[in-house]
Amino acid sequence: MASSSLRKSRRASRELALNILYQVDSCGIPFDEAVDTALEFADLSELDIKDNNQSSEAREYTRLLVEGVREKLAELDGQIAILAHEWPLDRQPAVDRNILRVAIYEIIYVESVPPIVAVNEAVELAKKFSTAESGKFVNGVLAGFLRGQKE
């Protein structure tokens, strides 16, 4: 698989994972229902080129992210709470909170994603789906996380 097509597939997965996690977090939709509905109805057809069925790979990676975040939620939230101590989790926009959860999960648990890629993708998600200041906030929190990982 070409690296640009992998990037496109992973970006679509992150956006879909963010959508699912946001629905669960903000709207109270049951986790399994949010996952099943989003994966069933997501239009990922632009990822399928020639004989390469990347939409199924994107769905698999989405599931890996959302189930991983769900499983490690307390750990991820603990990291975010330490790093963003001036912004308690309940005061952070739900979009930002879930972007941070996905990014930190990827940094810790997904070896195929370099940490800088996880950070860059998170910042792009924040710029696209949240407030004007969210990109800076997400970048700052994740930069602090990476500094802590090196110590």
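The values are calculated or read from the model by the stated rules, or taken from the named source; none is laboratory data. Owing to the predicted nature of the structure, the values given are computational and were not obtained by experimental measurement. Positions of Cβ are generated from backbone atoms using ideal geometry, with glycine treated the same way; all protein chains shown enter the neighbour counts.
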query: Quick check, is R10 under 13 Å from the mean Cα position of the chain (by Cα) and modelled with pLDDT under 95?
result: yes
- request: Provide a single number: the residues in the range 26-47 that are at pLDDT below 85 and either loosely packed, with under 14 Cβ neighbours inside 10 Å or in a helix (DSSP H, G or I) (or both).
  value: 5
message: Suppose we filter Q54, Q149, Q79 for residues that are in contact (Cβ under 8 Å) with a residue 24 or more places away in the chain, on the phi < 0 side of the Ramachandran plot and in contact with a strand residue (DSSP E or B) (Cβ under 9 Å, 6 or more places away or on another chain); which single one remains?
response: Q54
task: State whether one or more residues within the range 93-103 are within 17 Å of the chain's Cα centre (by Cα) and surrounded by fewer than 17 Cβ atoms within 10 Å (Cβ to Cβ).
output: no
- prompt: Taking the condition surrounded by fewer than 21 Cβ atoms within 10 Å (Cβ to Cβ) and either within 14 Å of Y22 (Cβ to Cβ) or in contact with a Ser or Thr (Cβ under 6 Å, 6 or more places away or on another chain) (or both), does F137 pass?
  reply: no
